[in-house]
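Peer 1: Quick one: the structure is below, questions incoming.
The values are calculated or read from the model by the stated rules, or taken from the named source; none is laboratory data. This structure is a prediction, so every number in the text was calculated from the model and none was measured. Virtual Cβ from ideal backbone geometry, glycine too; neighbours counted across all protein chains shown. Surface areas here come from the heavy atoms of the whole protein model, side chains and all, with no ligands, DNA or RNA. Shrake-Rupley method; radii C 1.70, N 1.55, O 1.52, S 1.80 Å.
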There are 2 protein chains.
Amino acid sequence: VNRKENYYWDMYQQIYEDINSFGRNENGGMDRLAFSEEDNKAHDYLARLATEVGFLVKQDGAANLWITAKGSDESLPPIYVGSHLDTVPDGGRFDGTLGVLTAFHAMLLLQQYAPKRSVTLLVFRCEESSRFSCATIGSKALAGILHGDRLKQYQDNDNISLFEAMENAGGKPALLPEGLTEERKLLEKGFGFVELHIEQGPVLETSHTAIGIVEAIAAPYRIKVQVNGMAAHSGACPMHHRADALTGAAEMILAVERLGRQYAEQSIVATVGNCVVPNGAINIVPGSVEFPVDIRGIDGTLLKQVAGEIIQQLKEIGEKRGLTVQLQLLSAEEPVKLSSKIADLMEQTCREIGVSSVRMNSGAGQDTMYMAQILDAGICFVPCIKGISHNRLENVTEETMLDGLEFMTELLRRSCCRC
Amino acid sequence: VNRKENYYWDMYQQIYEDINSFGRNENGGMDRLAFSEEDNKAHDYLARLATEVGFLVKQDGAANLWITAKGSDESLPPIYVGSHLDTVPDGGRFDGTLGVLTAFHAMLLLQQYAPKRSVTLLVFRCEESSRFSCATIGSKALAGILHGDRLKQYQDNDNISLFEAMENAGGKPALLPEGLTEERKLLEKGFGFVELHIEQGPVLETSHTAIGIVEAIAAPYRIKVQVNGMAAHSGACPMHHRADALTGAAEMILAVERLGRQYAEQSIVATVGNCVVPNGAINIVPGSVEFPVDIRGIDGTLLKQVAGEIIQQLKEIGEKRGLTVQLQLLSAEEPVKLSSKIADLMEQTCREIGVSSVRMNSGAGQDTMYMAQILDAGICFVPCIKGISHNRLENVTEETMLDGLEFMTELLRRSCCRC
């Protein structure tokens with residue numbers, strides 16, 4: 001009860017409620033897709049609130065929101081915090097939003113301690129890939145790796161381009177990447193960047209840990225697999241005459257799992273998230289099957305090695321079964337090592353406030369990946385119930401929300417007042 | 001060359017060409033769906049041709065076509081031959097049609113031998129399940145197991161009922177099943193029923209055999225399987241925290257194959273023809289998967305035993321992996337033993353004309369299954385190229401067509417003239 005009072009819980013809950021009024025659907029899920037009217041309204045709401053409490057507000061060329069609480073000593077490089085407000089379709093109330101509102105609330109609470117260092121909250125645009133099949137747009141733009149022309153190629157289901165959507169939200173996509181050069185230079189001189197996010201996995205909850213301090217963000221290595229055999233009549237074709245693409249694919253899917261498990265201790269995960277049988281029917285021996293493979297790891301060399309072993313096994317299974325296997329590389333990104341300075345700051349903060357923490361890696365991509373290309377950056381996770389995310393059932397405990405508030409407030413106090 | 005002349009190859013080819021002008025699509029595939037305008041035209045064409053050559057023609061209450069070549073001795077029970085003219089969408093030129101036209105042509109050729117016994121060609125309606133999700137309608141109706149009311153429940157994609165379609169083709173569905181009692185009584189007194197059909201599988205081609213004499217038709221035992229685990233983020237959920245419905249399903253699909261192979265010598269086939277991952281995506285650990293299992297065999301007791309073993313393994317795999325497995329029985333039919341009298345007649349015929357034959361079973365269902373409920377019935381297969389069927393690439397060699405003609409003509413000669 002005391003903690004709730006100390007951290008102005010009711011006010012925090014009210015802001016949380018207000019933000020999630022934008023895009024809540026009838027099932028209680030969040031439909032606040034990137035650059036949608038609801039997303040823009042949520043940005044507007046937070047900008048207005050920030051202005052009302054005396055923070056400085058601006059929008060950059062990618063329509064990211066910059067909310068600054070000025071410190072008394074302008075010679076100190078500012079600290080950046082942030083996350084995103086957009087959601088997947090029928091998503092949850094915490095993915096991204098928890099990080100933004102925890103940081104915003106901590107900035108408000110910080111003011112009672114007369115901070116010397118300025119704090120800037122970055123609300124990144126379009127972290128989720130759901131609408132435009134491209135993730136972490138706002139942070140990529142700040143890192144200078146998104147060009148205006150390419151933004152025209154990404155389109156949503158209604159053929160609205162990312163370019164149009166960004167422009168409609170007040171961004172200036174035509175000026176990218178140069179239009180964000182000034183912001184990038186500001187960031188480069190910053191003290192560091194800190195994101196708080198729900199884990200979206202079960203590790204913290206299972207181990208009863210309050211804060212997960214992320215040391216590295218895994219990169220996905222993705223391939224599309226097409227297996228071709230020979231379609232046949234399920235009744236008329238004897239077992240030993242078959243070139244069944246689905247039983248071949250099944251063996252391959254198990255090989256992906258087996259290799260993922262074999263390297264699990266080294267933070268590898270390997271997943272087949274879909275399986276499509278064109279013209280599949282109960283009375284047909286499948287002639288072809290398609291499935292994607294998503295392999296992630298935090299060690300780029302190991303990741304490539306495991307991907308190589310998986311590809312080798314897929315080919316061997318195909319050969320053994322008389323199936324052709326076509327592989328298409330979809331992406332091969334590099335894992336990102338995060339700043340140990342920021343990780344240490346987060347760990348000290350946990351010790352100070354007396355909550356448990358653990359060093360871990362992130363299997364999911366985050367805006368922090370791109371901030372890490374510009375300045376010292378780090379991200380911490382808080383547990384979410386049963387690890388459920390990207391789902392209206394996504395939830396966190398009050399305890400977790402309070403831990404996050406206490407952690408972020410203390411982190412800002414350490415870095416902005418004791419300097 | 002001699003054989004072609006003996007069997008009036010050019011005339012046969014012309015009839016074949018004429019029939020397949022009804023419903024041929026631009027890709028060369030056949031779109032002659034049951035009771036479609038094209039199907040009705042094909043029936044009309046054959047009825048007209050039969051009348052022109054002096055055969056007796058009638059249509060029964062299910063719109064099946066009866067074409068009779070009268071023999072000189074009316075005291076001899078007639079022999080029945082037949083197959084179907086309807087095709088799957090974009091189907092081939094031989095499935096069903098080869099049997100009808102081989103029999104029709106053999107009836108023509110038979111006339112030079114002054115047959116004593118009458119021959120009746122039955123052209124069954126709606127053998128394929130493609131249009132109304134119900135197969136072998138015409139033969140089921142003759143067997144007395146199709147009721148007019150139930151025909152209203154089967155509808156095509158345009159909401160036209162089987163009842164309407166049958167009526168439109170000249171049938172009298174409202175009078176079923178009683179409306180075919182007279183025909184059934186005629187059939188019961190018949191000498192026997194013989195169907196010729198393409199194999200729709202690779203066995204005959206692979207073993208270089210001209211005629212497959214079917215001893216039993218397998219029955220399908222079909223179940224629908226739903227596997228439920230827990231959807232999770234493919235990056236954020238470590239391998240040992242997962243309840244992956246797809247890797248579970250993959251293990252189950254391989255178990256189905258393994259048991260099918262284990263009992264292959266006893267004519268069991270077991271197939272998973274489809275696999276659906278609802279909300280499947282590259283970055284999601286699948287939370288649920290659905291797939292059908294089709295198990296077939298010619299020994300009803302063994303079929304149930306194998307189905308039981310498969311179900312047991314699916315449950316064990318689910319339990320081991322922490323997945324729930326829901327099973328729904330779709331159908332459990334009885335295999336059909338065919339007449340040894342007809343099989344012997346077919347074998348003697350092969351010996352007489354000097355073509356190779358083999359006793360085998362049919363994994364696919366056929367109209368003969370329902371004729372076998374009424375009188376001595378048998379079906380023989382001829383090879384189709386690479387076993388391809390239900391596909392516009394379906395094909396047979398000229399050699400196969402001539403073997404079929406010679407076989408059917410000799411079979412009719414043996415049974416209609418040497419008596």
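Peer 1: Efficiency by 1/(1 + (r/R0)^6): what FRET value for residue A:188 and residue A:116, r their Cβ-Cβ distance, R0 = 22 Å, to the nearest 0.05?
Peer 2: The pair residue A:188/residue A:116 has a calculated efficiency of 0.60.
Peer 1: Separate question: Just checking the output field for B:389-395: average partner chain Cβ neighbours within 10 Å of each residue's Cβ? Don't skip to the answer; put the middle values down first.
Peer 2: Working: counts 5, 7, 4, 0, 0, 0, 0.
Going residue by residue through B:389-395 and averaging, the value is 2.
Peer 1: Follow-up question, since we're still on this one. At 0.36 nm per residue, and after removing the present C-alpha to C-alpha distance, how many nm does the segment from residue A:175 to residue A:145 gain when stretched out fully?
Peer 2: 9.5 nm
Peer 1: Related question: List the trypsin sites (Lys or Arg not before Pro) within the range B:328-419 that fall in a DSSP loop (any state other than H, G, I, E or B) and whose Cβ has at most 15 other Cβ atoms within 10 Å.
Peer 2: B:418
Peer 1: Mind checking B:260-271 for the average number of partner chain beta-carbons within 10 Å of each residue's beta-carbon? Working shown, then result.
Peer 2: On the way: counts 5, 5, 1, 1, 4, 3, 0, 1, 2, 11, 2, 15.
For this peptide, the per-residue mean of nearby foreign Cβ atoms is 4.
Peer 1: While we're on this one: log10 I(q)/I(0), Debye, Cα-only the range A:1-85, no solvent, q = 0.20, 0.25 Å⁻¹?
Peer 2: -1.09, -1.28
Peer 1: Mind ordering B:15-26, B:247-258 by average Cβ neighbours within 10 Å, highest first?
Peer 2: Ranking, from highest mean packing down: B:247-258, B:15-26.
Peer 1: Show the residues, 5+ positions off or on another chain, whose built amide H is closer than 5 Å to the amide H of residue B:192.
Peer 2: When sequence neighbours closer than 5 places are left aside, the close amide H contacts are B:80.
Peer 1: If you wrap a convex hull around the Cα atoms of the range A:182-331, how much volume per residue is inside, in Å³?
Peer 2: Measuring per residue, one finds 166 Å³ for the Cα hull of the range A:182-331.
Peer 1: Output wanted: per-residue J couplings in Hz (rounded whole) for the range B:78-94, from phi through Karplus 6.51 cos²θ - 1.76 cosθ + 1.60, θ = phi - 60°, x for Gly and Pro.
Peer 2: x, 9, 10, 10, x, 5, 10, 10, 6, 10, 6, x, 6, x, x, 8, 10
Peer 1: Going by average Cβ density within 10 Å per residue, which order do the peptides A:404-411, A:303-310 take, highest to lowest? Working shown, then result.
Peer 2: Details: A:404-411: 24.4, A:303-310: 18.6.
Those peptides, ordered most packed to least, come out A:404-411, A:303-310.
Peer 1: Here's something else I'd like to know. Would you kindly derive the ³J(HN,Hα) couplings of the range A:46-52 from the backbone phi angles with the Karplus curve 6.51 cos²θ - 1.76 cosθ + 1.60 (θ = phi - 60°), listing them in order in whole Hz, with x for Gly and Pro?
Peer 2: Per residue, the Karplus-derived 3J(HN,Hα) values read 5, 5, 5, 4, 4, 4, 4 Hz.
Peer 1: For the range B:74-106 and the range A:130-184, write down the distance between their C-alpha centroids in whole Å.
Peer 2: 64
Peer 1: Then there is this: Springs between alpha-carbon pairs under 10 angstrom, Gaussian network model over chain B: which of B:317, B:298, B:67 fluctuates most?
Peer 2: B:317
Peer 1: Follow-up. Quick check: the angle from helix A:9-19's long axis to the longest principal axis of chain A, C-alpha only, nearest 10 degrees?
Peer 2: Compared with the principal axis, the helix lies near 50 degrees.
Peer 1: Evaluate the distance, in nm, between pseudo-label points positioned 7 Å from the Cα of residue A:18 and of residue B:13 along their respective Cα→Cβ axes.
Peer 2: Going by the 7 Å Cα→Cβ label model, 8.6 nm.
Peer 1: Return the average number of partner chain Cβ atoms within 10 angstrom of each residue Cβ along peptide A:221-232. Working shown, then result.
Peer 2: Values: counts 0, 3, 1, 1, 0, 0, 0, 0, 0, 4, 6, 12.
Counting Cβ atoms of other protein chains within 10 Å of each residue's Cβ and averaging gives 2.
Peer 1: Further question on the same structure: Return the loop-located trypsin sites (Lys or Arg not before Pro) in the range A:152-214 (DSSP other than H, G, I, E, B) with at most 15 other Cβ atoms within 10 Å of their own Cβ; answer none if there are none.
Peer 2: Working: sites: A:152, A:184, A:185, A:189; in loops: A:152, A:189.
Passing sites in the range A:152-214 are A:152, A:189.
Peer 1: Are any of the pairs A:140/A:304; A:140/A:172; A:304/A:386; A:140/A:185 more than 20 Å apart by Cα-Cα distance, and if so, which?
Peer 2: Table pairs above 20 Å Cα-Cα are A:140/A:304; A:304/A:386.
Peer 1: Looking at the range A:31-163, I'd like the Rg to Rh ratio, where Rg is from alpha-carbon atoms and Rh is Kirkwood's inverse mean 1/r.
Peer 2: Numbers: Rg = 15.6 Å, Rh = 15.5 Å.
Radius of gyration relative to Kirkwood radius: 1.01.
Peer 1: Which residue fluctuates the most in chain B, going by a Gaussian network model with Cα springs under 10 Å, if the choices are B:126, B:350, B:134?
Peer 2: It is B:134.
Peer 1: Return the whole-Å distance between the Cα centroid of the range A:267-309 and the Cα centroid of the range B:1-61.
Peer 2: Here the two parts' Cα centres lie 48 Å apart.
Peer 1: Residue B:128's amide H: which non-local residues (gap 5+, or another chain) put their own amide H closer than 5 Å, with H modeled 1.01 Å from N in plane and none for Pro or chain starts?
Peer 2: The list, which skips near neighbours in sequence, is B:136.
Peer 1: Counting only other residues whose beta carbon sits under 13 Å from that of residue B:114, what net charge do I get with K and R as +1, D and E as -1?
Peer 2: +4
Peer 1: Also: How far is residue A:189 from the same spot in each other copy, in nm, shortest first, if each label point sits 7 Å from Cα toward Cβ?
Peer 2: 10.9
Peer 1: Round to the nearest 0.05 the FRET efficiency obtained for residue B:359 and residue A:266 when R0 = 60 Å and r is the Cβ-Cβ distance.
Peer 2: Between residue B:359 and residue A:266 the formula returns 0.55.
Peer 1: Can you work out ³J(HN,Hα) from phi for every residue in the range B:372-387, in order, using Karplus 6.51 cos²θ - 1.76 cosθ + 1.60 and θ = phi - 60°, giving whole Hz and x for Gly and Pro?
Peer 2: 5, 6, 10, 8, 4, 9, x, 9, 10, 10, 10, x, 10, 5, 6, x
Peer 1: On to the next question. Please give, to one decimal in nm, the separation of the simple spin-label points placed at residue A:344 and residue A:385, each 7 Å out from Cα toward the Cβ.
Peer 2: With each label placed 7 Å out from Cα toward Cβ, I get 3.9 nm.
Peer 1: Can you pull the percent of the protein assembly as shown's accessible area that's carbon plus sulfur, 1.4 Å probe, other chains left in place?
Peer 2: With neighbouring chains kept in place, the figure for the protein assembly as shown is 46 percent.
Peer 1: Identify the residue of chain B whose Cβ lies closest to the rotation axis that maps chain B onto chain A, and give that distance in whole Å.
Peer 2: B:250, 2
Peer 1: Find the eigenvalues of the gyration tensor of the Cα atoms of the range B:291-419, then list the square roots of 5 times those eigenvalues as equivalent ellipsoid semi-axes, largest first, in whole angstrom. Let's see the in-between values first.
Peer 2: Numbers: eigenvalues 310, 70, 27 Å².
Whole-Å semi-axes of the equivalent ellipsoid: 39, 19, 12.
Peer 1: Now for a separate question. Pull up all non-local amide H partners of residue A:379: gap of 5 or more, or a different chain, and H-to-H distance under 5 Å with H placed in the peptide plane.
Peer 2: Amide H to amide H, under 5 Å and 5 or more residues apart or across chains, residue A:379 pairs with A:195, A:214.
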